[in-house]
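Worksheet for the structure shown next.
The values are calculated or read from the model by the stated rules, or taken from the named source; none is laboratory data. The shown structure was predicted, so the numbers you read here are calculated from the model rather than taken from an experiment. Here the Cβ positions follow ideal geometry from the backbone for every residue, glycine too, while neighbour counts run over all protein chains shown.
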Amino acid sequence: MFMADTPRLRTVHALLRHRAETEGDREFLVFGEQRFTYRDLYTLSRRAAHGLAGLGIAKGDAVAIMMGNRPEFLALWFGASMLGAVEVPVNTAHRGDLLAHMLRLADCPVVVADAEFLPALAEVADRLPALRAVVVAGAPAAVPGKEVHALAEVMANAGNPPTVDVTWSDPYAIMFTSGTTGPSKGAVMPQNYALRMGEYIAEATGYGRDDCLYNALPLFHGNAQVLSTLPALLSGARMVLAERFSASRFWDDVRAHGCTEFNYIGTILSVLMKAEPSGRDRDHPLRLMMGAGAGPGLFEAFEARFGVRLIEGYGMSEIGLPFMSTLDRRKAGSCGVANPHYEVRLVDDDGGDVTAPDTPGELLIRPREPYCMMLEYRAMPEKTVEAWRDLWFHTGDVLSRDGDGFWRFVDRKKDALRRRGENISSFEVERALAAHPHVAEAAVIPIPSELGEDDVMACVVPAAGAALDPADLIAHCDREMAAFMVPRYVRVMAALPKTPTARVEKYRLKSEGVTADTWDREVAS
């Protein structure tokens, strides 16, 4: 395994270069009918670096990538790293104010996007003064006030990119959080963070040269990049990149490519379990699946049916993976044991230590090594200081620890939801709801989903004299936000319950849940 301890070798592009030098023409990446050796991907990444440099990208510049899964995404990521530039992966479902907020906060001079996402970019282009150029994969179209280039032309030249001094402390990416009490924050991640996370996964899973990782999660998520692509590179393994996860194709793809590992999120295990049992349920080469959220019952049932070992962990963008199971140490319903590279505490609401087994507390954390957690929140110094108060990072998540040293996620102390593997900011959804002309106030709460995780419920108060149609409100949401954020339930209320200081008492709304007067999109449709 690549375990470089020199700061200038602990970068994502140095890892790729090392593999190109040591593995050469061994196959690394499969995407549909396309196949790439380690050297092929390195060459493609150098083309991307050369092309980005030609657009004026230099060390410290942010390059947004708004693309579906494809090899060029990986090449742009590694190519940006070669220049010391900072990748900004953008969820392709975003649009409107949230998309503008992210690109403006990251201060991106260049956005690389699939052609299908150009309308969303064009809609917010006038709110992005720093944006100079849009690079398009597919048929280019005009973006008002911006240069437009074809990605094929940008990556056509095989010239040498500039030589840039990049080290383990330099930022490699800005990963946007869901946002909970305000707009989404951009976590600035150092190069060593990416390498360290990849190493943790590769060690816990025991990946080797004979393994093949099936990567069907979106590359704009850190999971697909840091927890799948980098462990594959570190281990000298192969990787199959799918355009997206498909329950109907999953097992056939795994069999066809000889895949031995898959990372899951959200409701994927539940979806796979819903398929009719088959005599081929164990006819596959998968030896393990890694993820989070398989509670007791589902954990054991999935392993028994499909003959796959599950490894679970806990993490978040800002901190990495402080807890992780291993092949030799697992427990159903647990997110694993403490990673020795972190210091961790549980505290009560007064900041006192929680030491009794199975007693919930907020998780506080800090690293024992340099540059393996986020550097800061981009352009939000007050949020950075708030998160790191008392010299501990306050996660806002509640966990507990049992007498055997296994940790369990309990709940989110912060006001966020999770749906279809995506974290959702109630603030962002509420802001979009409030933009509807017939809405005076809005509060968003989670409703337990039959598939696991949450469904989104909007509790809204109509504007004075307005008649609020839930279907019209949801049509507005379809235009203004990603599909996974759009509420399933709408409850129209005369007033929201509030504290004496005018804060919405969401606990009361949660306790009432889906009431008789609640509109359900799935029933209405």
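Being in contact with a strand residue (DSSP E or B) (Cβ under 7 Å, 6 or more places away or on another chain), of a type in the set (D, E, K, R) and touching a residue at least 12 places away in the same chain (Cβ under 8 Å) is the requirement here; does ARG345 meet it? In short, yes.
Of all residues in region 262-285, those being surrounded by 14 or more Cβ atoms within 10 Å (Cβ to Cβ) and within 23 Å of GLU453 (Cβ to Cβ) number 12.
Does ASP472 satisfy the criteria of being out of contact with any strand residue (DSSP E or B) (no Cβ under 8 Å at 6 or more places or on another chain) and more than 30 Å from ILE265 (Cβ to Cβ)? Yes: the conditions hold for ASP472. Screening THR355 with (1) surrounded by 13 or more Cβ atoms within 10 Å (Cβ to Cβ); (2) among the β-branched types (Val, Ile, Thr); (3) over 20 Å from SER325 (Cβ atoms) gives one miss only, at (1). For region 88-133, what are the residues that are crowded, with 17+ Cβ neighbours inside 10 Å, acidic (Asp, Glu) and at negative phi? Selection gives ASP97, ASP114. Surrounded by 19 or more Cβ atoms within 10 Å (Cβ to Cβ), assigned by TED's automatic domain parsing to the domain that holds LEU272 and among the charged types (D, E, K, R) - does that describe any residue in region 290-311? No - not one qualifying residue is present in region 290-311.
For region 413-469, the candidate set comprises residues that are touching a residue at least 60 places away in the same chain (Cβ under 8 Å) and of a type in the set (Lys, Arg); within that set, the residue that is nearest to GLU480 (Cα to Cα) is ARG431.
Yes or no: GLU441 part of a strand (DSSP E or B), of a type outside the set (A, V, I, L, M, F, W, C) and at negative phi? In short, yes. Inspection of region 149-167 identifies no residue that is within 30 Å of ALA387 (Cα to Cα) and outside any loop (DSSP other than H, G, I, E, B). Among the residues making up region 147-161, those that are in contact (Cβ under 8 Å) with a residue 24 or more places away in the chain and surrounded by 15 or more Cβ atoms within 10 Å (Cβ to Cβ) are HIS149, LEU151, VAL154, MET155, PRO161.
Tell me the residue from THR22, THR11 that is under 23 Å from GLY206 (Cα atoms), crowded, with 22+ Cβ neighbours inside 10 Å and not small (Gly, Ala, Ser), please. Checking each option against the conditions leaves just THR11. Just one of the numbered conditions (1) surrounded by 22 or more Cβ atoms within 10 Å (Cβ to Cβ); (2) within 28 Å of ASN423 (Cα to Cα) is not true of ASP211: (2). When GLY293 is tested against (1) touching a strand residue (DSSP E or B) at 6+ places or on another chain (Cβ under 6 Å); (2) touching a residue at least 40 places away in the same chain (Cβ under 8 Å); (3) of a type outside the set (A, V, I, L, M, F, W, C), just one condition goes unmet, and that condition is (1). Residues that are over 16 Å from ALA471 (Cα atoms), in contact (Cβ under 8 Å) with a residue 24 or more places away in the chain and outside any loop (DSSP other than H, G, I, E, B) within region 484-525 comprise PHE484, VAL504, LYS506, LEU509, LYS510, listed in sequence order.
Residues in region 206-216: is at least one under 30 Å from ILE268 (Cβ atoms), outside the structural domain of PHE73 (by TED's automatic domain parsing), under 15 Å from the mean Cα position of the chain (by Cα) and not acidic (Asp, Glu)? Checking region 206-216: at least one residue is under 30 Å from ILE268 (Cβ atoms), outside the structural domain of PHE73 (by TED's automatic domain parsing), under 15 Å from the mean Cα position of the chain (by Cα) and not acidic (Asp, Glu). For the criterion of being assigned to a loop (DSSP other than H, G, I, E, B), among the charged types (D, E, K, R) and within 30 Å of ARG488 (Cβ to Cβ), GLU450 passes.
Flag set for TRP407, criterion: hydrophobic (A, V, I, L, M, F, W, C), under 30 Å from PHE299 (Cα atoms), surrounded by 17 or more Cβ atoms within 10 Å (Cβ to Cβ) and not assigned by TED's automatic domain parsing to the domain that holds VAL90. Being among the aromatic types (Phe, Trp, Tyr), over 27 Å from SER169 (Cβ atoms) and under 24 Å from the mean Cα position of the chain (by Cα), is that true of even one residue in region 32-55? Looking through region 32-55, none of the residues is among the aromatic types (Phe, Trp, Tyr), over 27 Å from SER169 (Cβ atoms) and under 24 Å from the mean Cα position of the chain (by Cα).
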